[in-house]
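Colleague: Quick one: structure below, then a few questions.
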Amino acid sequence: MTTSTSTSTDRDRDRDRDTETVTDSGTDTTNSWEELVTAALLGTDRRGSGTRTAGRSRKDAAAALLDEAALHTVRRRAGLRPGPAAPLPERAGPDPRPALPDAARRRLALLLSDRPGTGGGRRGTTPDLTELLPQWLAGANGYGYAAPSELLPALLDAARGRTDLRPPALAFAGPRALWLAKLNPEWKFALRTTPGGSALPPADDQGAVQRLWEEGLFAERVALLGLVRAYDAQAARALLESTWSTERAEDRLMFLDSLRTGLSDRDEPFLERALSDRSRNVRTTAAELLSALPGSALAGRMARRAATSIALDALRTGITVEAPHECDPDMERDGVVATAPPGRGQRAWWLGQLVEAAPLATWPQRLGGRSPAEIVALPVADDWQSELHAAWCRAAVRQRDAEWSRALLGAAASPGAAGPGAVSLAERSKLLGTLPEPERADWVAGFIAAHGLSEAFQLLGVCAVPWAEPLGGAVVDALNIARDAGSYPWSFSGVMGLAERCLEPGAAARLESLTATPDESEDGAPGAGGYWAEAFQRLVGTLRLRAVMREELAG
């Protein structure tokens, strides 16, 4: 006890002496911090930390070293002079849009707090709130509401993790999203994708646009070119031409792709020059853009080449095909890729590229004045029909030709509509995208009524939401048929997910009778009835929740 008290007294005396030294002289007379660290690393028996450790036992010397380090730490912290205060950030700009109704604000907080489950197994009957957020944002933007300030951080976090949320989320967040993004580097995507952000100046500010185009990062320049192209197509092309010769090949390809927006005949001279680019990918993209302009010189050259390969037979009742025998340098300059991918014949590969790049107006003139529907109905000799119709599909999509799309789609109820036919389901979904929305929905409804849901997922994805009748009714009827047949419900999980987001909320009443667990059929999948009941209960619950969300947004 006496030894411990003596040691404590010695330590207190040391602290007092050090404090007096600092107070009187205003300087630190003890060892430097670096010396203390060295002594601690080497050990006090090999290297003492100063007069306080000299002559002491190993234990006391170590304790003295720690005391000195603690005192030195306090002294270093207390001796710092205060630095100048950083300037406060500018105040966020006002958002003049009306505030959300209280119920809608609470709903948004709930949607943003939900996180998708990470486990497997059944989804249960609870609606997936994360999938409802895009619809909620679309509704709020339709009303022109301003985002609640306290929910902006959570909204930006959600948009950071989902690129599909970014456009509606940033539109809803308004100018305060940019203000917050400048303070948090995790939200920089708002600056890169929003006009007026630090990376994207207003499209009409020529000086700022030119400066960022010359000095910005690649991602910023791509976003800038897209912004200017949407505002003034000719100004964007002039911007691109100003630095075209100095850009890298991969950058030229990305920049060239921005010309799809507002593509017109005025872009032809620049694209024609790009056909001589040293990059094959650039040449191919330039040729694709030119072929989307039916009056371009390239489209005319492709039409003449394709016409020499396709003609009516001697009886003028069918089509004969003589595919090209070579790919000459002029064809390559016009974007024809000479080497076919694995599994494709060279001549078929060249023919497809010529036909898809030729204006569709070529074929009625070439094939006896027939309409697109009559041309598609003609037999094609020597098994060339699949290649020829597939190339016409690509041409119809590229040239946005609804008449040719209707002809190639054919009747939705026809046996070949579900494939495998001359036109695949993937190609049909692209063709549907060229049709007006009501016509698109009618065709898919007819397809589902005739062929069921097993092949309809791709087609449903191109239909406008919410699904109008008769499409919504066709989906419900097909699900009911699959349920009664005892089919595996997991096979229809993708369609069920689409139905939760895309069916008109008013369909919930019609679905109520399907929420009960059906009797197990002898030929049905084991346990399928319970899964179907859960799926329909979740579907009905989600539709009703969407109806409530609409009412909340309407105030």
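Colleague: Longest exposed-loop-site-free stretch of the chain, with GluC sites (Glu not before Pro), DSSP loop and at most 15 other Cβ within 10 Å?
Modeller: 91-321
Colleague: When the Kirkwood radius is taken over all Cα pairs of segment 279-366, what Stokes-Einstein diffusion coefficient follows at 20 °C and 1.002 mPa s, in µm²/s?
Modeller: Answer, rounded: 159 µm²/s.
Colleague: Using each residue's phi in segment 410-415, evaluate 6.51 cos²θ - 1.76 cosθ + 1.60 at θ = phi - 60° and report the 3J(HN,Hα) Karplus result to the nearest Hz, with x for Gly and Pro.
Modeller: With the stated coefficients, segment 410-415 comes to x, 6, 5, 8, 5, x Hz.
Colleague: Please list, in chain and number order, the residues 5+ apart from Val321 or on another chain whose amide H is under 5 Å from its amide H, with Hs placed from the backbone.
Modeller: Amide H to amide H, under 5 Å and 5 or more residues apart or across chains, Val321 pairs with Ala381.
Colleague: Same structure, new question: Please give every one of the aspartates and glutamates within straight-line cross-link reach of Lys182, meaning a C-alpha to C-alpha distance under 15 Å, and leave out same-chain neighbours fewer than 8 residues apart.
Modeller: Filter leaves Glu90, Asp157.
Colleague: So, one more: Excluding ligands and nucleic acids, what accessible area in Å² is computed for Tyr488 using a 1.4 Å probe, to the nearest 10?
Modeller: 120
Colleague: Out of residues 5 or more away from Trp467 or on other chains, whose amide H comes under 5 Å of its own, with H placed 1.01 Å from N in the peptide plane?
Modeller: Leu503, Glu504
Colleague: Take the Cα atoms of segment 433-555, build their convex hull, and give its volume per residue in Å³. Don't skip to the end; give the middle numbers.
Modeller: Numbers: hull volume 11.8 nm³, N = 123.
Given the Cα convex hull of segment 433-555, per-residue volume reads 96 Å³.
Colleague: How high is the relative contact order of the chain, given as a whole-number percent (alpha carbon pairs under 8 Å, six or more residues apart)? Present the calculation step by step, with values, prior to reporting the outcome.
Modeller: Values: 650 pairs, mean separation 52.8, N = 555.
It rounds to 10 percent for the chain.
Colleague: Pulled fully out, how much extra length does the chain show between Ala485 and Ala154, if you take 0.36 nm times their separation in residues and subtract their Cα-Cα distance?
Modeller: 114.7 nm
Colleague: Still on this model: Give me the Kirkwood hydrodynamic radius of the chain, using the inverse of the mean 1/r over all pairs of distinct Cα atoms, in Å to one decimal.
Modeller: Hydrodynamic radius (Kirkwood, Cα pairs) of the chain is 30.3 Å.
Colleague: Now for a separate question. Of all the accessible heavy-atom surface of the chain, with the other protein chains kept in place and a 1.4 Å probe, what percent is carbon and sulfur?
Modeller: The value for the chain is 53 percent carbon and sulfur by accessible area.
Colleague: Here's a follow-up. Starting from the Kirkwood radius over alpha-carbon pairs of segment 375-490, derive D by Stokes-Einstein at 20 °C in a medium of 1.002 mPa s and give it in µm² s⁻¹.
Modeller: It comes out at roughly 145 µm²/s.
Colleague: Another one. Taking the Cα centre as origin and putting +1 on Lys and Arg beta-carbons and -1 on Asp and Glu beta-carbons, what dipole magnitude results for the chain, to the nearest 20 debye?
Modeller: 1080
Colleague: With all protein chains present, calculate the accessible area of His451 using a 1.4 Å probe and round the result to the nearest 10 Å².
Modeller: Roughly 50 Å² of His451 is accessible to a 1.4 Å probe.
Colleague: Among Pro87, Ile375, Leu200, whose Cα lies farthest out toward the positive end of the dipole of the chain, if unit charges sit on the beta carbon of Lys, Arg (+1) and Asp, Glu (-1)?
Modeller: The listed residue farthest towards the positive side: Pro87.
Colleague: Something else now. Using a probe radius of 1.4 Å on heavy atoms only, what accessible surface per residue do you get for the chain? Whole Å² is fine.
Modeller: Details: 28720 Å² over 555 residues.
Ligands and nucleic acids excluded, the figure is 52 Å² per residue.
Colleague: State, as an integer percentage, the relative contact order of segment 135-176 based on alpha-carbon contacts under 8 Å between residues 6 or more apart.
Modeller: Once normalised by length, the contact order is 53 percent.
Colleague: In terms of the ratio Rg/(2.2 N^0.38 Å) built on C-alpha atoms, what value belongs to segment 178-315?
Modeller: Expressed relative to 2.2 N^0.38 Å, the Cα Rg reads 1.31.
Colleague: Continuing with this model, one more query. Tell me, what HN-Hα J-couplings in whole Hz come from the Karplus equation 6.51 cos²θ - 1.76 cosθ + 1.60 at θ = phi - 60° for each residue of segment 72-84, using x for Gly and Pro?
Modeller: 5, 4, 5, 5, 5, 5, 6, x, 6, 7, x, x, x
Colleague: What length, rounded to one decimal in nm, is gained on full extension from Thr261 through to Ser371, with 0.36 nm per residue of separation minus their alpha-carbon distance?
Modeller: In short, 36.6 nm is gained.
The values are calculated or read from the model by the stated rules, or taken from the named source; none is laboratory data. Keep in mind that this is a model prediction, so the values were computed, not measured. A quick note on method: Cβ atoms are made from the backbone with ideal geometry, for glycine too, and the neighbour counts reach across all protein chains shown. For the accessible areas, the whole protein counts, side chains as well, though only heavy atoms, and no ligand, DNA or RNA atoms are used. Shrake-Rupley method; radii C 1.70, N 1.55, O 1.52, S 1.80 Å.
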